[in-house]
1. Taking the Cβ-Cβ separation of residue 25 and residue 84 as r and a Förster radius of 35 Å, what is the calculated FRET efficiency to the nearest 0.05?
2. Round to the nearest 10 and give me the degree value, 0 to 90, for the angle of helix 190-200's Cα axis relative to the longest principal axis of the chain.
3. If you take the beta carbon distance between residue 291 and residue 108 as r and set R0 to 45 Å, what does 1/(1 + (r/R0)^6) give as a FRET efficiency, to the nearest 0.05?
4. Extension gain residue 227-residue 173, at 0.36 nm per residue separation less the Cα-Cα distance, in nm?
5. Can you tell me the 0 to 90 degree angle between the C-alpha axis of helix 69-80 and the longest principal axis of the chain, rounded to 10?
6. Give the span of the chain's Cα atoms along each principal axis, as three whole-Å numbers ordered largest to smallest.
7. Measuring from centroid to centroid over Cα atoms, what is the spacing of segment 62-76 and segment 95-147 in Å?
8. Suppose only helical runs count, i.e. DSSP H with n ≥ 4. What mean residue ellipticity at 222 nm does that imply for the chain under -39500 (n - 2.57) per run, divided by all residues and rounded to the nearest 500 deg cm²/dmol?
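Only the coordinates and a few stated rules stand behind these numbers; no lab work does. Computed from a prediction, not measured in an experiment: that's the story for all the values here. Cβ placement follows ideal geometry from the backbone for every residue including glycine, while neighbour counts extend to all protein chains displayed.
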């Protein structure tokens, strides 16, 4: 049995963390360690976890004095890992007992660098949160199957575009080759950037339906948080600028405007993300947040384009192969805009 390092990033919410760690203590695959990276929690959750799970989990704790974000904290955990495989589990997620073993079994194929879980909504566990990801031509991405009732339609092991960072496993050798999370992203779309970068470098991803996790959606910032929307939009631009072929990147504004128009139409019918912000004040807040996000992305473009140049060292896919990959996992515009993130 090969050692797996499970990295759990925590920021307050002790009761959620307790349930998360308890689910890890029940894993049938026993060759694992847990690295808990605490992002400056003020509720004592890291110390409480050490005391409560002493002897029940092989647990190590890394303490940050401030909230360094999802990306930097996970990179700390990856750097401290002793395992040949890195599993990520959100502190607001609970894994079924077969989760770790099922994900690990995906790596029998040497080309597999990532494995995706079947993530269900904790509050309504017959509803899908994410089973891998899909992407639109402007860089916006959504969880595959998000919001659908789980009727067995995603119970086949198959290739996925990339795994959701809420509950995923990565080959450590792949991360050593391509690098970890891009810390400029801070949070949101970070798993998309890492996963797409891995695909460009020639690695594949398998979706494992037996690897089941239940997730409290929006527990970090809340689904109504303008900051959440800002990070999602800013990081969409950064992802496209860093990874998309130039011939697709030149059309980014056209695809973005098409998505905005479709989003407005969805909101008129009280569907999609914007519908969560009622009234003209809510819509004005969304518009202002998107403009702030795009301006923030523009200011970060010089460093992002330097990273794009560095991608040449690991690139395996041609521009045509990259576009074919995106087309294969393209999310329809209507589905994208009628889903709530």
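1. On the way: r = 22 Å, r/R0 = 0.62.
So the FRET efficiency works out to roughly 0.95.
2. In the chain, helix 190-200 runs at an angle near 80 degrees to the longest axis.
3. On the way: r = 48 Å, r/R0 = 1.06.
FRET efficiency, residue 291 to residue 108: 0.40.
4. On the way: separation 54, 0.36 × 54 = 19.44 nm, distance 3.38 nm.
Taking residue 227 through residue 173 to full extension adds about 16.1 nm, to one decimal.
5. It is inclined by approximately 40 degrees.
6. Rounded to whole Å, the extents work out to 55, 45, 43 Å.
7. That distance is 23 Å.
8. Working: 12 runs with 144 residues, N = 341.
Calculated at 222 nm, the ellipticity per residue is -13000 deg cm²/dmol.
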